[in-house]
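Read through the structure below, which is laid out as structure tokens, and then see the notes.
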Amino acid sequence: MTSSAAPVAQAATRLEPPLAQTPLRVDGLVKRFGQITAIDGINLELRAGECFGLLGPNGAGKSTLIRAIVGRVIPDSGRISVFGAPAASPWARAALGWAPQELAIYPRLTARENLYAFGRYAGLKGAKLREAIAWCLNWATLEDRAGEIAEKLSGGMKRRLNMAVGLIHRPQLALMDEPTVGVDPQSRNRIFEMIEALRAAGTTLIYTTHYMEEAERLCDRVAIMDHGRIIALDTREGLVESAFGKRSQVKARVNGRPQAVAAWVKSHGGRYADDLAQTGGESISGSAEFTVENPSQIAMLLDSAAATGLEVVDLSLRRPTLESVFLHLTGKELRD
Amino acid sequence: MILSIARTALVALRRDRAALALAFILPVAFFTIFAVIFGGQHNATPRVTVVVVDQDRSEASRQLVAGLEQEGSLDILTTHSVRGQSAVPFDFAAAQAAVKAGDAPVALIIPKGFGDRPITLGPALPGVAIRMLNDTSDAIAPQVVMGLLQKVAMVSMRERMAQLGLDYAAKEVGGFTPGQKKRLEDELAALHREMEADANRPSGAQASSSDDFSGLIKVDRSAVAGESQNKNVISFYAAAIGVMFLLFTASGSAGSLLDEAESGALDRVLSSRVTMGTLLGGKLFYNTLLAFTQLVVMFVWAWAAFKMDFFSHIPGFLVMGLSSAVTVAAFGILLASMCRTRAQLGAISTLLILMMSAIGGSMFPRYLMPPAVQKAGLFTINAWAIDGFTKVFWRDLPISSLWPQVLVLLTAAAALFLVARRAARRWECA
């Protein structure tokens, strides 16, 4: 896949005249829809060749930010530049590729016809267009389905075609807006491979998702968005470090009287997971999470549980994840 | 359970404005249009424009023209404008040209000598015939004019009038000799036979007669436009039905804009090098080609199946076909750019197109309609397109005569497209 993706960087649209090296710069961006502030003062700068993750729950403002970058939303204030050119300028359009969250393809055209149409809209023609279509079909592993009507493709294939259509002109900066929504695990892995191939070819990427594991796997840096703001921005490790330091997380599953469980969780600064259940009589069974400075504190937790008559049936130690960071910063689950 | 199902359907209908409009507004609107056109609130007979050329200029001819001008159902034109000069009396050629051009469905030429023998009292005393030039695209007007002409001369009483004339002569002059009586009785018998023959003659044959003696005033009738009526009726309906379905096709096709907006494809297209102007231009071009192809299919079918003379009218067809196609394409794009959903587009386009087609002449000829509805029809694409096709296929007029229709259609197309472009700004950026 890497070999087939290699031409991307070589054949990528060259900007005339040469512009700035910074793929994307966003300064003080604000966008309101009536009373709702969708983007509330965002500043952002991408590094060439990185995969930049935008994490946030539904309604956080991710898609509005993406649409502002591709010139489909006019900001109330602030500035966006793509390789130094204003958003929606011809240079910015040529340098940007966009795979929107929706399946923005022509359902009654075949995969190849879709690629042809959007290739023409991007200004490609002749041999360049044919070459671009061949590359896209190969990149999305749709060569054997090239003649299939788009609406008859499987969900995963439609998603891949949706991505390929956005990259038909070989852009230097690709924006992927939740490309794995509604696809099965196999198709998701296929999409990950496509993203990794783009990264290997040097394409700068913005990847929005509300799946933590995707951001952890694919992204060099991650911005966490909530209520139209970026509330944290760093590498995965940097985010965890700044939120939790060297601390780790312990997840313990216990059985016991409700009052005893509550007192135990509270005394160690933990929180309930969402699987509490009555087990018969006055006992409950459930999980709680704790943050510990070092693993030796686990012994204290176990001793304390035993002292209050609780039975610890399962216990695990792990480094905090982006999910933990998000929870820590916003006080809510990412998928709320 | 049945009530629950009905209630669910009712709630769904109440929230579907498009379905509500189709269910309640369209039938009422249609009923109103038909009631206005055919109902009793207007004169049953539409006013007929008649060009009158008085070549005789006698007392009798002046009285006849004055009598016709008194008729409420007729608009009598005796003069016209020529190169800036107004009130120039019509001559034969000008009257013929006016009928050919569709300015008037009927022209009456009162020939020299009419005043000497204005009425016909049997074969022995023939009157001088008035010449009627008519356009067969309007089957009603000649009949109306013929009837009103004869009304003046009391068409149904000519035998009685003659008898009264004889009685008057016998009384005042002192009677006739046996020989004179015999000749007069023969003449009356001949007149009687002729009236019986008139009464027994099929009405269609009477209507199509080129020598209409059905009253005191003799009329020689000749068609100057649309000589082959059946074939021309076919060309009329090819145009009339064609334009109506063009409108449906164009609005349905332009609805792809709404599909693309809903799927996000429109956003994606507009994030590429394609601007909204280019996009709408592309849609206009495609919809024009689609509509024009539809017209070609319609007319070629009319030629193949109904022997309509298509191939000798190709230049006129191209001019009118392309003008009509681009206008309906722009109309469809305007509707699509103003509607929010496909369902809304479906309802509004059905409502508008059926109403436009009804008053614009796609369902029945406009000359059957009251004058006010005929004028309202001028605000429809159908009326101008059908008028243009009629000029080409019925009247055999040159392409240059199509300029009013082409000008109106192209101006309408430009205006509709500009408004559509403005309405489409809502898709350009949030």
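The values are calculated or read from the model by the stated rules, or taken from the named source; none is laboratory data. Everything quoted here is computed from the prediction, not taken from an experiment. As a convention, Cβ positions derive from the backbone with ideal geometry for all residues, glycine included, and neighbour counts pool all protein chains shown.
Taken over the stretch A:195-213, residues that are of a type outside the set (A, V, I, L, M) and buried (at least 22 other Cβ atoms within 10 Å of the Cβ) amount to 5.
Among the residues examined, A:G156 qualifies as under 18 Å from the mean Cα position of the chain (by Cα) and more than 14 Å from every other protein chain (Cβ to nearest Cβ). For A:R257, the conditions (1) loosely packed, with under 12 Cβ neighbours inside 10 Å; (2) of a type outside the set (V, I, T); (3) out of contact with any helix residue (DSSP H, G or I) (no Cβ under 8 Å at 6 or more places or on another chain) are fulfilled apart from (1). Free of Cβ contacts under 8 Å to residues at least 60 places away in the same chain and either in contact with a Gly (Cβ under 7 Å, 6 or more places away or on another chain) or not assigned by TED's automatic domain parsing to the domain that holds A:I39 (or both): is that true of A:R120 in this structure? In short, no. Counting the residues of the stretch B:295-317 that are surrounded by fewer than 18 Cβ atoms within 10 Å (Cβ to Cβ) and under 27 Å from B:S256 (Cα atoms) gives 2. When the residues of the stretch B:232-271 are filtered to those that are polar (S, T, N, Q) and surrounded by fewer than 24 Cβ atoms within 10 Å (Cβ to Cβ), the one that is farthest from the other protein chains (Cβ to nearest Cβ) is B:N232.
Per-residue answers, yes or no, for (1) touching a Phe, Trp or Tyr at 6+ places or on another chain (Cβ under 8 Å); (2) over 30 Å from A:P171 (Cβ atoms); (3) at pLDDT 85 or above:
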| site | (1), (2), (3) |
| --- | --- |
| B:F213 | no, yes, no |
| B:S228 | no, yes, no |
| B:I241 | no, yes, yes |
| B:L246 | no, yes, yes |
| B:T275 | no, no, yes |
| B:A291 | no, yes, yes |
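Condition first: surrounded by fewer than 17 Cβ atoms within 10 Å (Cβ to Cβ), over 24 Å from the mean Cα position of the chain (by Cα) and within 13 Å of chain B (Cβ to nearest Cβ). Can you find one or more residues in the stretch A:122-130 that meet it? Yes, that holds for at least one residue.
Looking across the stretch A:89-109, the residues that are aliphatic (A, V, I, L, M) and more than 8 Å from every other protein chain (Cβ to nearest Cβ) come down to A:A92, A:A95, A:A99, A:L109. Pairs meeting the criteria (first residue in the stretch B:6-27 and touching a residue at least 40 places away in the same chain (Cβ under 8 Å), second residue surrounded by fewer than 14 Cβ atoms within 10 Å (Cβ to Cβ) and in a helix (DSSP H, G or I), beta carbons under 7 Å, at least 6 apart or on different chains) are B:A19/B:L13.
For the stretch A:159-174, the criterion of being within 14 Å of another protein chain (Cβ to nearest Cβ), touching a strand residue (DSSP E or B) at 6+ places or on another chain (Cβ under 9 Å), in contact (Cβ under 8 Å) with a residue 12 or more places away in the chain and among the β-branched types (V, I, T) is met by at least one residue. Filtering the stretch B:272-284 to residues that are within 13 Å of chain A (Cβ to nearest Cβ) and more than 22 Å from A:I66 (Cα to Cα) leaves B:T278, B:L279, B:G282. Only a single criterion out of (1) among the hydrophobic types (A, V, I, L, M, F, W, C); (2) at pLDDT below 80; (3) outside any loop (DSSP other than H, G, I, E, B) is not satisfied by B:A44, namely (3).
From the list B:L247, B:L322, B:L334, the one residue that fits, being closer than 30 Å to A:W98 by Cβ and in a helix (DSSP H, G or I), is B:L334. Within the option set B:V373, B:V328, being surrounded by 15 or more Cβ atoms within 10 Å (Cβ to Cβ), within 27 Å of B:I314 (Cβ to Cβ) and either touching a helix residue (DSSP H, G or I) at 6+ places or on another chain (Cβ under 9 Å) or not polar (S, T, N, Q) (or both) holds for one residue only, B:V328. The condition of being farther than 30 Å from A:I66 by Cβ, of a type in the set (A, V, I, L, M, F, W, C) and modelled with pLDDT under 85 holds for A:A277.
Given the structure, is A:A68 in contact with a strand residue (DSSP E or B) (Cβ under 8 Å, 6 or more places away or on another chain), within 14 Å of chain B (Cβ to nearest Cβ) and not in a loop (DSSP other than H, G, I, E, B)? For A:A68, the condition - in contact with a strand residue (DSSP E or B) (Cβ under 8 Å, 6 or more places away or on another chain), within 14 Å of chain B (Cβ to nearest Cβ) and not in a loop (DSSP other than H, G, I, E, B) - is met. Output yes when any residue across the stretch A:93-104 is surrounded by fewer than 23 Cβ atoms within 10 Å (Cβ to Cβ) and farther than 22 Å from A:K62 by Cα, and no when none is. No, that holds for no residue. The sole residue among B:L258, B:L295, B:L280 that is part of a helix (DSSP H, G or I), assigned by TED's automatic domain parsing to the domain that holds B:L397 and in contact with a Cys (Cβ under 7 Å, 6 or more places away or on another chain) is B:L258.
Within the stretch A:242-256, no residue satisfies the criterion of being at pLDDT 85 or above and assigned to a loop (DSSP other than H, G, I, E, B). Being at pLDDT below 90 and assigned by TED's automatic domain parsing to the domain that holds A:G228 is the requirement here; does A:L55 meet it? Criteria met by A:L55.
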